[in-house]
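Asks: Provided herewith is a single structure, encoded as structure tokens, for subsequent inquiry.
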Amino acid sequence: MDPKDFEVAQPPTDSISALAFSSQTDFLSVASWDNQVRIYEVQPSGNTLPKAAYSHEGPVLDVKWSKDGSKICSVGADKAARMYDVATGQSTQVAQHGEAIKCVQFLDIGQQVLATGSYDKSIKYWDMRSPTPIGTVQLPERCYSMDSSGFLMVAGTADKHVCIFDLSNPTVIFKQTMSPLKWQTRVVSCFPDNKGYAIGSIEGRVGIQYVDDKEQSKNFSFKCHRDDQKNVFSVNDICFHPMYGTFSTAGSDGTVSFWDKDSKQRLKPFANVQGTIPCTTFNRNGTIFAYAVSYDWSKGYKFAPPSTPNNNPNKIYLHAVRDEDVKPRGSKKR
């Protein structure tokens, strides 16, 4: 992206599936296919210190921090959610599904509730004190991506279904719709103002969708992550800036762009990193943008780069965000 970006020390040894910053400090948690969750401290200099790690019994597919920064929750192919206590360094299992758990969210709905979305076609809610869920919702298909903001939660599933939840009544699907895009959903990400969500698919396209029926005229989709040879790449991640409400997209083409949905412009395209970007995240105030460069399996196992003791193809970089690259610019005069 930028030659000045900082490389994170001692990255995972297999593909990186999720990145998440603490909401309180510049601690970065990283989920990987090597069954590990790693936690790094990002120093003001940009250097990183590996601080801790804990294990699942299978590939880890998602990781999130609690709102107070005291706990980390991760989920994975071992069909379990694990909670890591930052103070004690202990991890415990807090949730279970019948199949791999793809997504996890800490919900901010008065009490601390965990939501887990699984390939068993369900979302379960947990209060983390009990081994049984406090609520379960059946989904139309396997859960591929899930995000929440305030009382809005959105889940994207197989077969392009999108389930929207009002978390004041979390066990009922508030609105079920179809993705506006043509192909498989890769990511959903809620607007910070809770009015809608962005959705990205495998065909290099992003949809901007509002929840309220009165705002449907604002919905639009746009093409991205395509090259001059008309090759089309997957949109692997969408992250909203916590201060400005602008957003990033990252793709299998190895590029990141920052966008403003309100003025419908690209704010900043970044240079190709010469590898696929599976996941990204902003830190709590949007001054650091973390991105992983590791294989996203979009071309199958034959294209997986070899990993040797002297050459780990999995990398994480930290980009210092410039205000002018993420600030909304207002509409262009036509």
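Asks: Pull out all pairs, ordered by first then second residue, where Cβ-Cβ is under 9 Å, the residues are six or more apart or on different chains, the first lies in the range 252-270 and is on the phi > 0 side of the Ramachandran plot, and the second is in a strand (DSSP E or B) and surrounded by fewer than 19 Cβ atoms within 10 Å (Cβ to Cβ).
Replies: If the second residue must be in a strand (DSSP E or B) and surrounded by fewer than 19 Cβ atoms within 10 Å (Cβ to Cβ), the pairs left are K264/F220; K264/F222.
Asks: Name the residues in the range 292-323 that are open to solvent by less than 20 Å² (accessible area, probe 1.4 Å), of a type in the set (A, V, I, L, M, F, W, C) and assigned to a loop (DSSP other than H, G, I, E, B), would you?
Replies: none
Asks: Out of everything in the range 231-240 that is assigned to a loop (DSSP other than H, G, I, E, B) and touching a strand residue (DSSP E or B) at 6+ places or on another chain (Cβ under 6 Å), what residue ends up being surrounded by the most Cβ atoms within 10 Å (Cβ to Cβ)?
Replies: Residues of the range 231-240 that are assigned to a loop (DSSP other than H, G, I, E, B), as a first pass: 231, 233-234.
With the extra rule that they be touching a strand residue (DSSP E or B) at 6+ places or on another chain (Cβ under 6 Å), the set shrinks to 233-234.
Values: F233: 21, S234: 25.
Result: S234.
Asks: Further, regarding this structure: Which residue is nearest to the chain's Cα centre (by Cα), if the candidates are limited to the range 197-224 and must be of a type in the set (S, T, N, Q) and farther than 21 Å from F151 by Cα?
Replies: Going residue by residue through the range 197-224, those that are of a type in the set (S, T, N, Q) are 201, 209, 216-217, 219, 221.
Going one step further and asking which of them are farther than 21 Å from F151 by Cα, we end up with 201, 217, 221.
Values: S201: 14, S217: 27, S221: 20 Å.
Out of the qualifying residues, it is S201.
Asks: Does any residue of the range 34-42 turn out to be modelled with pLDDT of 95 or more, in contact with a Pro (Cβ under 8 Å, 6 or more places away or on another chain), of a type in the set (V, I, T) and crowded, with 23+ Cβ neighbours inside 10 Å?
Replies: no
Asks: Quick test for you: out of I288, I277, pick the one residue that is open to solvent by 20 Å² or more (accessible area, probe 1.4 Å) and under 16 Å from the mean Cα position of the chain (by Cα).
Replies: Working: I277 fails: open to solvent by 20 Å² or more (accessible area, probe 1.4 Å).
Step by step, each of I288, I277 is checked, and only I288 is open to solvent by 20 Å² or more (accessible area, probe 1.4 Å) and under 16 Å from the mean Cα position of the chain (by Cα).
Asks: A further question on this structure: Of all residues in the range 119-158 being of a type in the set (D, E, K, R) and within 14 Å of R186 (Cβ to Cβ), which is nearest to the chain's Cα centre (by Cα)?
Replies: Taking the range 119-158 and keeping what is of a type in the set (D, E, K, R), we get 120-121, 124, 127, 129, 141-142, 147.
Pick out the ones that are also within 14 Å of R186 (Cβ to Cβ) and you get 142, 147.
Numbers: R142: 17, D147: 8 Å.
The selected residue is D147.
Asks: Which residue, of I173, I109, I123, is hydrophobic (A, V, I, L, M, F, W, C) and at pLDDT below 95?
Replies: Values: I173 fails: at pLDDT below 95; I123 fails: at pLDDT below 95.
Just one listed residue meets the conditions, I109.
Asks: For the range 169-199, enumerate the residues that are closer than 22 Å to Y125 by Cβ, of a type in the set (A, V, I, L, M, F, W, C) and assigned to a loop (DSSP other than H, G, I, E, B).
Replies: Selection gives V172, I173, F174.
Asks: When you go through S263, S257 one by one, which is the residue that is under 19 Å from N283 (Cα atoms) and either surrounded by fewer than 19 Cβ atoms within 10 Å (Cβ to Cβ) or of a type in the set (K, R) (or both)?
Replies: Working: S263 fails: under 19 Å from N283 (Cα atoms).
Being under 19 Å from N283 (Cα atoms) and either surrounded by fewer than 19 Cβ atoms within 10 Å (Cβ to Cβ) or of a type in the set (K, R) (or both) holds for just one of S263, S257, which is S257.
Asks: In addition: Select, from F289, F258, the only residue that is in contact with a Lys or Arg (Cβ under 7 Å, 6 or more places away or on another chain) and in a strand (DSSP E or B).
Replies: Exactly one residue qualifies, and that residue is F258.
Asks: On the given criteria, is Q176 of a type in the set (S, T, N, Q), under 21 Å from the mean Cα position of the chain (by Cα) and open to solvent by 10 Å² or more (accessible area, probe 1.4 Å)?
Replies: Values: of a type in the set (S, T, N, Q): yes; under 21 Å from the mean Cα position of the chain (by Cα): no; open to solvent by 10 Å² or more (accessible area, probe 1.4 Å): yes.
The answer is no for Q176.
Asks: Just checking, how many residues over the range 179-223 are open to solvent by 30 Å² or more (accessible area, probe 1.4 Å), polar (S, T, N, Q) and within 18 Å of C279 (Cα to Cα)?
Replies: 1
Asks: Follow-up. Residues that are within 19 Å of the chain's Cα centre (by Cα), of a type in the set (G, A, S) and over 23 Å from T185 (Cα atoms): does the range 27-44 have at least one? Before you say what the answer is, go through the steps one by one.
Replies: If we filter the range 27-44 for residues that are within 19 Å of the chain's Cα centre (by Cα), which is where we start, we get 27-40.
Next cut, of a type in the set (G, A, S) only: 29, 31-32.
Filter again for over 23 Å from T185 (Cα atoms), leaving 29.
Within the range 27-44, one or more residues are within 19 Å of the chain's Cα centre (by Cα), of a type in the set (G, A, S) and over 23 Å from T185 (Cα atoms).
Asks: Pick from F240, F233, F191: which is within 15 Å of P269 (Cβ to Cβ) and touching a residue at least 24 places away in the same chain (Cβ under 8 Å)? Quick ask: steps written out before the conclusion?
Replies: Values: F240 fails: within 15 Å of P269 (Cβ to Cβ); F191 fails: within 15 Å of P269 (Cβ to Cβ).
Within the list F240, F233, F191, the selection yields F233.
Asks: Of all residues in the range 126-168, count the ones that are touching a residue at least 40 places away in the same chain (Cβ under 8 Å), in a loop (DSSP other than H, G, I, E, B) and either open to solvent by less than 10 Å² (accessible area, probe 1.4 Å) or among the basic types (K, R) (or both).
Replies: Residues meeting the conditions: 2.
Asks: Could I ask something else about it? Kindly indicate whether any position in the range 90-109 is closer than 25 Å to N310 by Cβ, under 19 Å from the mean Cα position of the chain (by Cα) and surrounded by fewer than 23 Cβ atoms within 10 Å (Cβ to Cβ). Let's see the steps before the verdict.
Replies: Filtering the range 90-109 for residues closer than 25 Å to N310 by Cβ gives none.
For the range 90-109, residues closer than 25 Å to N310 by Cβ, under 19 Å from the mean Cα position of the chain (by Cα) and surrounded by fewer than 23 Cβ atoms within 10 Å (Cβ to Cβ): absent.
The values are calculated or read from the model by the stated rules, or taken from the named source; none is laboratory data. Remember, it's a predicted structure, so these values are computed and weren't measured experimentally. Don't worry about glycine lacking a Cβ; one is built from the backbone with ideal geometry, like all the others, and counts go over all protein chains shown. Heavy atoms of the whole protein, side chains included, go into the accessibility calculation; ligands, DNA and RNA do not. Shrake-Rupley method; radii C 1.70, N 1.55, O 1.52, S 1.80 Å.
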